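Peer 1: I'd like to ask some things about the structure below.
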Amino acid sequence: MKKSLSQRIVLSVVGVLVALAIVFPTYWMFVTSLRTPGEILSPKYDLIPTSFSFGNFATALTKDNFPTYLMNSLIVTVGSVLCALVAGTLAAIPLSRLRFTGRKGFLVLVMVAQLAPVSALFIPLFLLMRDAGLLNTLPSLLLIYFATTLPFTVWMLYGFVNGIPYELEEAAMIDGCSQTGAFRRVTLPLLGPGLVTTSVFSFITAWNEYLFALVFIRDKQKETLPVWLASFRTAFATDWGGVMAASVIYAIPALVFFLLVQRKLVSGATAGAVKG
């Protein structure tokens, strides 16, 4: 049943308002980053600025040791994402394709692990890293981010593997492929959208993590960007222009990563591949 004109207008207005509510904080952050400290603290604050200043970006890029913090964040984030994808794929395949005792119980444990609050793991992880001699090292953050994103990765990839008909692998094996070859040539390429989706989640989770990076790392040369971003606020004042400029810079790697993989986010690549 077609929607009436009034219904479509209402839905369009609601959609525009929701879009504005989502986009406006980002716009405000970017505009504020281009203002001088006097303009930021001025009672008269225009939504559309008439002048721009890049001094805040210069301040952010030259504060402390930004390139080192950027590299630290990239190392722990990319490393944890790759580890989670490899381990998650190796776990999701047998969970989806094989039937063994305890399979459903293991899936329940994976879900429970995902639902558990990360704060509940803080003290056990701290003691574990201390006893292992990994405190104040980047591998400790990499392992923690890997552990916290792995349950979601397994659960998501399990659903994506279930969506790929096993008949495709059987057809490849009939044509002469081994089971491993059928997975590598047929299933793995079709699993691309699932790998991209879970990698985006894992990347954002690790990239934005602050608490573990703050407590587990004490060496300034090993800190990550979230800790660097918090350094713009001191006990005496907050450099709001620097905070906004640093936030824009901080968001760029995640934005670039999303733009690189956004074409693969569409699932359903095997729809209609095999007749039911």
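The values are calculated or read from the model by the stated rules, or taken from the named source; none is laboratory data. These numbers were taken from a predicted model, which means no experiment stands behind them. All Cβ positions, even for glycine, are placed from backbone atoms using ideal geometry, and neighbour counts span all protein chains on display. SASA here: full protein model, heavy atoms, side chains in, ligands and nucleic acids out. Shrake-Rupley method; radii C 1.70, N 1.55, O 1.52, S 1.80 Å.
Peer 1: Specify which of the listed residues (82, 90, 109) is under 16 Å from the mean Cα position of the chain (by Cα), open to solvent by 80 Å² or more (accessible area, probe 1.4 Å) and modelled with pLDDT of 85 or more.
Peer 2: It is 82.
Peer 1: If residue 98 meets every condition in (1) over 30 Å from residue 220 (Cα atoms); (2) open to solvent by 60 Å² or more (accessible area, probe 1.4 Å); (3) modelled with pLDDT of 85 or more apart from one, which number is that one?
Peer 2: Condition (3) is where residue 98 drops out.
Peer 1: Output the residues belonging to the stretch 20-37 that are outside any loop (DSSP other than H, G, I, E, B) and within 19 Å of residue 246 (Cβ to Cβ). Reasoning before the result, please.
Peer 2: Looking only at the stretch 20-37, we keep the residues that are outside any loop (DSSP other than H, G, I, E, B), and these are 20-33, 37.
Once the filter is applied, which keeps residues that are outside any loop (DSSP other than H, G, I, E, B) and within 19 Å of residue 246 (Cβ to Cβ), the stretch 20-37 yields 25, 26, 27, 28, 29, 30, 31, 32, 33, 37.
Peer 1: Here is a further query. Determine whether residue 69 is assigned to a helix (DSSP H, G or I) and outside the structural domain of residue 227 (by the TED database).
Peer 2: no
Peer 1: Tally up the residues in the stretch 45-70 that are modelled with pLDDT of 85 or more and among the hydroxyl-bearing types (Ser, Thr, Tyr), please.
Peer 2: The total comes to 4.
Residue-by-condition table, conditions (1) surrounded by fewer than 19 Cβ atoms within 10 Å (Cβ to Cβ); (2) outside the structural domain of residue 90 (by the TED database); (3) assigned to a helix (DSSP H, G or I); (4) modelled with pLDDT of 85 or more:
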| site | (1), (2), (3), (4) |
| --- | --- |
| 160 | no, no, yes, yes |
| 169 | no, no, yes, no |
| 173 | yes, no, yes, yes |
| 177 | yes, no, no, no |
| 196 | no, no, yes, yes |
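Peer 1: Also, I was wondering about something else. Anything in the stretch 124-145 that is open to solvent by 50 Å² or more (accessible area, probe 1.4 Å) and either part of a helix (DSSP H, G or I) or of a type in the set (Asp, Glu) (or both)? List them, or say none.
Peer 2: Selection gives 124, 126, 127, 128, 130, 131, 132, 139, 143.
One line per residue, one yes/no per condition, for (1) touching a residue at least 60 places away in the same chain (Cβ under 8 Å); (2) within 27 Å of residue 199 (Cβ to Cβ); (3) surrounded by 11 or more Cβ atoms within 10 Å (Cβ to Cβ):
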site: 6; (1), (2), (3): no, no, no
site: 25; (1), (2), (3): no, yes, no
site: 38; (1), (2), (3): no, no, no
site: 44; (1), (2), (3): no, no, no
site: 48; (1), (2), (3): no, no, no
site: 63; (1), (2), (3): yes, no, yes
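Peer 1: What is the one condition in (1) touching a Pro at 6+ places or on another chain (Cβ under 8 Å); (2) exposed (fewer than 15 other Cβ atoms within 10 Å of the Cβ) that residue 209 does not satisfy?
Peer 2: (2)
Peer 1: Among the residues of the stretch 180-211, count how many are β-branched (Val, Ile, Thr) and either over 23 Å from residue 225 (Cα atoms) or free of Cβ contacts under 8 Å to residues at least 12 places away in the same chain (or both).
Peer 2: Of the residues in the stretch 180-211, 5 are β-branched (Val, Ile, Thr) and either over 23 Å from residue 225 (Cα atoms) or free of Cβ contacts under 8 Å to residues at least 12 places away in the same chain (or both).
Peer 1: Okay, next question. Checking residue 236 against (1) under 30 Å from residue 127 (Cβ atoms); (2) part of a loop (DSSP other than H, G, I, E, B); (3) of a type outside the set (D, E, K, R), only one condition comes out false. Which one?
Peer 2: It fails just one condition, (1).
Peer 1: Among all residue pairs at least 6 apart or on different chains, which show Cβ distances below 6 Å where the first residue, located in the stretch 106-119, is under 22 Å from residue 211 (Cβ atoms) and in a helix (DSSP H, G or I) and the second is modelled with pLDDT of 80 or more and aromatic (Phe, Trp, Tyr)?
Peer 2: 114/152
Peer 1: Does residue 203 fit the bill of being in a helix (DSSP H, G or I), at pLDDT 90 or above, in contact with a helix residue (DSSP H, G or I) (Cβ under 7 Å, 6 or more places away or on another chain) and open to solvent by less than 40 Å² (accessible area, probe 1.4 Å)?
Peer 2: Yes, satisfied.
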